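To keep things clear, I will list the structure first and then write my remarks on it.
The values are calculated or read from the model by the stated rules, or taken from the named source; none is laboratory data. In this text, all values refer to a predicted model and were calculated from it rather than measured experimentally. All Cβ positions, glycine included, derive from the backbone under ideal geometry; neighbour counts span all protein chains shown.
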Amino acid sequence: MAISELALPEGVIAHCLKKPQQLATSLAHNVADVLRQAIVARGVATLVVSGGRSPIAFFEALATQPLDWAKVVISLADERWVPVTHPDSNEGLLRKHLLQGPCAAARFVGLYHGGATLQAAAKLADEALAYLPPIDVLVLGMGDDGHCASLFAGNPQLDEALQPGNTMRCVPMLAPGVPHQRISMTYALLASANAQFLAVQGAGKLDTLQQVVSDLDATSAMPVRAFMRPPLQIYWSPQG
């Protein structure tokens, strides 16, 4: 099966790149174009990305793009509740693979904060995000279970996090079956991005996308379904 065979919602654009590096390069080029346009229009551009290992090639490709990085603000769609020095930290990953060279001039707004509880840390992250400019570009990944950012099915706070009118910017997420709890931007904040991209690789993720589009109303079962509408663009490579 090819991504062109999926019954994607009208207005959702899919791009198929043969190899992961081609995906990373093409996505980085298009993201940089949108950021440049935002800088011209408003004098500042805001980028929100997901962590994990899959986007490393994209981060490294984006870091080489010619941009006025001092006018770019970068933040994370979600974060593991671990110190930045921890190997599983999304912020640590960005600092190693994206915030390098000229890109180090960008202003970074992190989600990790210490605190007595996950809820207290999420509140501090929410307060920090109050100063985040409007989001120009959002780049999401997707888990095999259909989660994105750290919006996981079965989470007691998922319904609140998915509310389109939610005024909260950030919520604590009790991620099932993983060693670290999470902090995630809410759907309302993520979906406010002017340009939205979903990057996925491998046949397994295409199978997940097929499940996603089979029932777009069941967002609580596969939260990525909430993003399956324009202006989403999907970048997929059959190689994982």
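Only one residue in 79, 60, 5 is farther than 30 Å from residue 125 by Cα and either in contact with an Asp or Glu (Cβ under 6 Å, 6 or more places away or on another chain) or of a type in the set (Asp, Glu) (or both). Which one?
Within the list 79, 60, 5, the selection yields 5.
Would you check which residues across the range 150-195 are at pLDDT 95 or above, closer than 18 Å to residue 217 by Cα and hydrophobic (A, V, I, L, M, F, W, C) and list them?
Listed by number, the residues that qualify are 151, 161, 162, 188, 191.
Evaluate the following for residue 199: is it free of Cβ contacts under 8 Å to residues at least 12 places away in the same chain and either farther than 17 Å from residue 77 by Cβ or part of a strand (DSSP E or B) (or both)?
no
If you go through the range 151-163 one residue at a time, do you hit one that is touching a Gly at 6+ places or on another chain (Cβ under 6 Å), on the phi < 0 side of the Ramachandran plot and not aromatic (Phe, Trp, Tyr)?
no
Which one of the conditions (1) in contact (Cβ under 8 Å) with a residue 24 or more places away in the chain; (2) more than 27 Å from residue 218 (Cα to Cα) does residue 147 fail to meet, given that it meets all the rest?
The number of the failed condition is (2).
Within the range 156-180, work out how many residues are more than 17 Å from residue 117 (Cα to Cα) and not basic (Lys, Arg).
Of the residues in that region, 14 qualify.
Taking the criterion of being among the β-branched types (Val, Ile, Thr), more than 21 Å from residue 132 (Cβ to Cβ) and not in a helix (DSSP H, G or I), would at least one residue in the range 205-214 satisfy it?
No, because not a single residue in the range 205-214 is among the β-branched types (Val, Ile, Thr), more than 21 Å from residue 132 (Cβ to Cβ) and not in a helix (DSSP H, G or I).
Tell me the residue from 70, 77, 41, 45 that is aliphatic (A, V, I, L, M), in contact with a Gly (Cβ under 9 Å, 6 or more places away or on another chain) and more than 16 Å from residue 237 (Cβ to Cβ), please.
Exactly one of 70, 77, 41, 45 is aliphatic (A, V, I, L, M), in contact with a Gly (Cβ under 9 Å, 6 or more places away or on another chain) and more than 16 Å from residue 237 (Cβ to Cβ), namely 77.
Which is over 18 Å from the mean Cα position of the chain (by Cα) and either buried (at least 23 other Cβ atoms within 10 Å of the Cβ) or touching a residue at least 12 places away in the same chain (Cβ under 8 Å) (or both), of 208, 167?
167
Within the range 25-36, take every residue that is in contact (Cβ under 8 Å) with a residue 40 or more places away in the chain and not β-branched (Val, Ile, Thr) and give me the one that is nearest to residue 139 (Cα to Cα).
27
Residues are listed down the side, and each one gets a yes or a no for (1) of a type in the set (Asp, Glu); (2) over 18 Å from residue 150 (Cβ atoms); (3) within 14 Å of the chain's Cα centre (by Cα):
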residue: 6; (1), (2), (3): no, yes, no
residue: 79; (1), (2), (3): yes, no, yes
residue: 84; (1), (2), (3): no, no, no
residue: 90; (1), (2), (3): no, no, yes
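If only one of 118, 111, 129, 138 is under 19 Å from the mean Cα position of the chain (by Cα), touching a residue at least 40 places away in the same chain (Cβ under 8 Å) and more than 19 Å from residue 52 (Cβ to Cβ), which one is it?
Within the list 118, 111, 129, 138, the selection yields 129.
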